[in-house]
Ligand code: NAD
Ligand code: UFG
């Protein structure tokens with residue numbers, strides 16, 4: 001298949017490009033480099049030994065997107081393009097709604113006009129809200145989000161579902177990611193956050209390399225075995241392979257399907273700290289601090305549906321995730337910047 005990756009230069013998109021190519025598919029990348037850079041694509045090309053057609057295009061720009069669809073016919077789209085920082089979305093809600101909703105609407109319009117009927121969408125466990133208790137099943141009713149970023153995912157799921165209801169040719173797969181961490185084992189592509197990282201693993205690796213003085217564990221008094229929050233961390237290469245299965249599955253059916261991509265195994269923040277220390281034979285400077293507003297105590301998937309429907313399950317363990325995150329950080333202390 002030929003797959004267009006909207007936002008394909010980003011963290012998950014770049015790993016997915018590698019997995020798709022390894023599985024024998026072709027990829028085309030469209031990205032405005034709002035949170036990424038062309039160097040990520042160059043590294044994917046070096047890893048796979050394949051030249052990837054790529055375009056600096058804002059997915060909201062309908063004419064520019066249409067021109068890419070005309071020039072590069074594709075069978076399927078994976079929609080990664082979005083702004084994703086939870087805290088920033090509270091500060092700049094309009095920018096988040098504008099970018100995330102508009103990219104989705106524009107993609108749907110351009111897909112229809114170019115007779116592309118399959119879309120795989122990057123959704124998030126955040127749409128389950130606080131109302132649902134883990135393990136989280138795809139059959140649960142969506143919950144209430146605590147921030148504009150989460151609401152954009154919630155709304156984009158609704159938009160895509162309504163589009164598929166109206167257009168019986170459309171195949172929509174809503175992938176609900178849990179917590180992607182890790183990097184390609186080569187250490188040449190990985191997560192490259194701008195400024196101070198919001199997410200746990202980049203903060204851990206930047207602390208280990210000395211860019212941050214100390215990791216603050218947000219809350220030690222949750223109702224969990226060690227008092228710190230539980231999450232479902234998944235290796236980004238497992239997640240990428242899940243996308244390969246999802247685009248292949250999208251071809252075989254119509255309508256909407258929702259699939260969790262997680263491991264189904266929760267780990268605490270302190271589990272991550274200790275696993276990182278052990279896997280990489282180092283000591284992390286950390287302290288327990290106050291809770292972060294909006295954090296749920298527990299969030300993990302039931303991962304059965306992905307296994308049944310996609311024939312996919314995560315293969316890599318926490319040690320792999322910690323080793324590969326550190327390998328990327330060590331080889332690229334400043335991310336993709338030289
Ligand atoms: P990322 O920021 O690394 O990748 C997103 C990419 O989209 C970036 O390359 C960015 O430049 C691009 N982009 C943003 N707006 C665009 C636009 N208007 N036009 C063209 N390109 C645009 O993030 P990621 O971690 O790779 O996440 C990919 C998707 O998965 C996002 O939609 C994110 O919300 C979702 N998601 C991520 C996580 C996570 O923890 N990383 C969890 C759940 C869901
Ligand atoms: N944490 C710390 N210290 C830090 C950073 C994080 O203790 O410096 C803790 C958090 O409190 C949380 C855990 O580490 O308990 C994971 O936090 P992340 O910020 O890495 O991830 P979240 O689970 O908060 O958020 C992720 C995605 C969001 C998505 C959300 C719900 O990053 O995009 O899952 O699906 F909305």
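Computed from the coordinates by the stated procedures, all read-outs in this text should not be read as laboratory data. Just so you know, these numbers come straight off a predicted model, no measurement behind them. FYI the Cβ positions are ideal-geometry reconstructions off the backbone, even for glycines, and counts take in every protein chain you see.
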Exercise for review: Evaluate the Debye formula for segment 1-79 with equal point scatterers sitting on the alpha carbons, no solvent, and hand back log10 of I(q)/I(0) at q = 0.15, 0.17, 0.22 Å⁻¹, in q order, two decimals.
Suggested key: -0.43, -0.56, -0.96
Study note, to complete from the structure: Cα extents of the chain along the principal axes, largest first, in whole Å, come to 54, 44, 39
Review point. Which value in nm describes the separation of the simple spin-label points at residue 62 and residue 140, placed 7 Å from the Cα toward the beta carbon?
Key: 3.7 nm
Exercise for review: Take the alpha carbon gyration tensor of segment 166-227, find the square roots of its eigenvalues, order them as a ≥ b ≥ c, and report rounded if a/c is under 1.5; if not, report prolate when a/b exceeds b/c, else oblate.
Suggested key: oblate
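Based on the Kirkwood radius over alpha-carbon pairs, what is the Stokes-Einstein translational diffusion coefficient of segment 23-128 at 37 °C with 0.692 mPa s viscosity, in µm²/s? Show your work: numbers first, answer last.
Values: Rh = 15.1 Å.
Rounded, D is 218 µm²/s.
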Point to revise | Extension reserve of the residue 92-residue 213 stretch, reckoned as 0.36 nm per residue once the Cα distance is removed | key: 40.7 nm
Study note, to complete from the structure: Quick calc, residue 75 & residue 130: beta-carbon distance into FRET formula, R0 30 Å, rounding 0.05, result 0.20
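For segment 108-163, compute the orientation-averaged projected area of the C-alpha convex hull (one quarter of its surface), in nm². Don't jump to the answer; show the numbers that get you there.
Values: hull surface 17.6 nm².
Spelled out: convex hull of the Cα atoms, projected over all directions, averaged, 4.4 nm².
Shape call for segment 107-230 from the C-alpha gyration tensor, a ≥ b ≥ c root eigenvalues: rounded (a/c under 1.5), prolate (a/b greater than b/c) or oblate? Don't skip to the end; give the middle numbers.
Details: a/c = 2.80, a/b = 1.57, b/c = 1.78.
Oblate, because a/c is 1.5 or more while a/b does not exceed b/c.
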**Study point:** Cα→Cβ-extended label distance, 7 Å offset, between residue 199 and residue 50, nm
**Key:** 2.3 nm
Point to revise | Computed E for residue 26/residue 287 - FRET, C-beta separation, R0 35 angstrom, nearest 0.05 | key: 0.15
Check your understanding: For segment 277-318 and segment 99-136, what is the separation of their C-alpha centers, rounded to whole Å?
Key -> 23 Å
